[in-house]
1. Quick one: with label points 7 Å out along Cα→Cβ, list the inter-copy distances for A:ASN55 in nm, shortest first?
2. Per residue of A:151-158, count partner chain C-beta atoms within 10 Å of its C-beta, then hand back the mean as an integer.
3. Which three extents, in angstrom, do the Cα atoms of region A:40-143 have along their principal axes, listed largest first?
4. Quick check: pseudo-label points 7 Å beyond the Cα along Cα→Cβ at A:THR59 and A:ALA191, how many nm apart are they?
5. What ranking, highest mean first, results for peptides A:103-111, A:128-136, B:246-254, A:255-263 when packing means the other Cβ atoms within 10 Å averaged over each residue?
6. Pull up the cross-link candidates among the lysines for A:LYS52, meaning alpha carbon to alpha carbon under 28 Å and not fewer than 8 places away within one chain.
7. Mind checking the mean number of beta-carbon atoms from other chains within 10 Å of the Cβ atoms in A:184-193?
8. Placing a label point 7 Å from Cα toward Cβ, how far apart in nm is B:MET233 from its equivalents in the other copies, listed shortest first to one decimal?
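Just so it is clear, none of the values below were taken in a lab; they were calculated from the coordinates. All figures in this text were calculated on a predicted structure; none of them were measured in a lab. For neighbour counting, all protein chains shown are included, and Cβ atoms are generated from backbone atoms with ideal geometry for every residue, glycine included.
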There are 2 protein chains.
Amino acid sequence: VNWIVGVRSCSTVAQQEVQNSGASHASSAAQAADSNKEEKEIVSYWGVPPVKVVNKDGTVWKWDCFRPWETYQADLSIDLKKHHVPLNLLDKLAYWMVKALRMPADLFFQRRYGCRAMMLETVAAVPGMVGGMLLHCKSLRRFEQSGGWIKALLEEAENERMHLMTFMEVTKPRWYDRALVISVQAVFFNAYFLGYMISPKFAHRVVGYLEEEAIHSYTEFLNELDKGNIKNMPAPAIAIDYWQLPPDATLRDVVMVVRADEAHHRDVNHFASDVHFHGRQLKDVSAPLGYH
Amino acid sequence: VNWIVGVRSCSTVAQQEVQNSGASHASSAAQAADSNKEEKEIVSYWGVPPVKVVNKDGTVWKWDCFRPWETYQADLSIDLKKHHVPLNLLDKLAYWMVKALRMPADLFFQRRYGCRAMMLETVAAVPGMVGGMLLHCKSLRRFEQSGGWIKALLEEAENERMHLMTFMEVTKPRWYDRALVISVQAVFFNAYFLGYMISPKFAHRVVGYLEEEAIHSYTEFLNELDKGNIKNMPAPAIAIDYWQLPPDATLRDVVMVVRADEAHHRDVNHFASDVHFHGRQLKDVSAPLGYH
Ligand SMILES: [Fe+2]
Ligand SMILES: [Fe+2]
Ligand SMILES: [Fe+2]
Ligand SMILES: [Fe+2]
């Protein structure tokens with residue numbers, strides 16, 4: 001487990017380093033020559049060197065796309081079998097829409113669960129970003145606090161992107177995977193954007209059901225691993241660092257923690273939909289913490 | 001200074017609480033009645049209670065829109081006078097565009113610096129969100145890591161929104177302020193979205209220059225405070241908690257830390273533009289840390 005003591009204290013120290021070396025790189029000559037000048041003219045900020053984040057044991061942190069203080073241990077005790085019973089028409093519409101989307105996915109991917117996981121994560125990372133962005137803009141327009149929901153949804157999006165970064169190491173995308181992702185993203189981003197503007201209640205419910213299906217898919221993935229149909233290879237290094245897994249962790253461990261994450265997303269999104277169902281606004285209800 | 005020990009450890013504990021009480025609220029009856037059932041059917045997630053975040057001294061944290069681990073002390077030693085000299089045509093275009101935008105703002109707000117700050121923060125919170133979202137979608141489409149830039153830009157947006165939440169306490173928006181914000185956001189969001197898709201180099205440069213102007217405005221704000229033209233009232237409670245200010249902090253202290261934040265944004269955005277200028281991509285250069 002790699003940790004740096006304190007979040008802010010670390011970045012403050014790091015920042016000092018940046019500024020010191022940045023100054024010596026770029027502007028020390030100019031400073032010496034004309035220290036009375038009203039505005040220090042910087043020709044290029046290129047001299048700002050990247051910050052070296054250091055692990056507790058003194059080794060250099062090797063990832064830029066996430067930092068030690070964003071790593072965590074997944075809550076494997078989370079209830080995987082919770083299911084929101086569709087009550088009203090909107091719920092049923094969301095439920096059957098997701099069930100209908102499952103069919104082409106099943107046909108297309110069949111038993112290629114690694115590929116399936118990778119492709120579906122490119123879609124899963126969209127709703128959190130769109131929802132967070134729309135709530136952010138609304139908060140600015142209405143001069144209202146967020147209740148923590150903007151951050152919660154953005155963190156969901158970042159977590160889904162980390163799922164993708166992980167499965168990329170397991171299954172390499174091919175050119176037609178890339179082509180598929182581009183077209184699916186173009187459609188899904190706009191559809192979810194519109195959907196969230198029209199009815200956040202419906203949008204969050206759809207995501208809730210999508211996450212229920214994701215749990216199901218990852219459970220099948222685990223079954224295939226246990227049956228030996230998929231080789232249980234060592235976990236990718238990025239996954240070991242992100243979920244604080246032991247060095248000898250396997251793909252099976254990774255699928256376990258990813259599935260626990262999806263169960264968290266399911267709870268957050270069904271909860272958000274219920275908040276709207278009860279006629280309240282997200283900003284008035286504190287966002288759940290400790291979810292990803 | 002309010003702190004909870006450890007980021008993840010805190011939220012893990014909090015989460016356990018949620019789940020325990022959530023279960024007892026909503027589904028304990030169902031569980032007892034039919035514990036063998038394959039899928040636990042949840043009629044409503046409404047039973048998930050909000051998490052109580054506790055300060056070090058045992059008192060309850062009073063904000064939902066930010067949490068203790070997002071608070072920090074601003075770096076007041078940051079160089080306020082750095083200025084990126086426009087070198088090429090694109091730089092000059094960005095520079096003169098920002099200078100031109102300054103004129104109507106000066107005319108409209110004149111010496112109402114509190115109102116000006118509030119209104120400009122509603123605009124300032126847009127670029128980070130748009131840039132972060134576009135980089136996020138690009139990362140998904142191309143199966144590429146982010147270099148930490150998505151997080152850095154989203155955190156800039158969150159920080160700007162906290163500036164707005166602070167100045168809302170100082171100047172209450174009136175109905176025509178709200179109308180102005182809605183129309184300005186509609187135009188600026190789309191313009192920046194398009195601009196960032198066409199040239200992130202140009203977009204980041206514009207933000208860099210906007211931040212230089214913001215520093216200028218806040219310096220004038222401080223001058224008015226020092227001259228006594230604006231009353232130096234006690235700092236809003238939200239600002240004291242967010243920037244870890246002493247309990248007797250004043251509006252002047254708040255403007256000081258906000259100005260330091262703007263200087264950080266200036267450096268991040270000029271740096272991002274320079275990365276593009278040198279023909280490289282953001283993902284290949286580690287994002288600066290410790291900025292907000
Ligand atoms: Fe996922
Ligand atoms: Fe998910
Ligand atoms: Fe700001
Ligand atoms: Fe700023």
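1. Its label point is 3.8 nm from the equivalent points in the other copies.
2. Mean partner shielding for this stretch: 4.
3. Result for region A:40-143: principal-axis Cα extents of 62, 42, 31 Å.
4. Between A:THR59 and A:ALA191, the label points sit 4.4 nm apart.
5. Going by the mean number of other Cβ atoms within 10 Å, highest first, we get A:128-136, A:255-263, B:246-254, A:103-111.
6. Within reach: A:LYS40, A:LYS62, A:LYS151, B:LYS81, B:LYS82, B:LYS138, B:LYS151, B:LYS201, B:LYS283.
7. 1
8. 6.2
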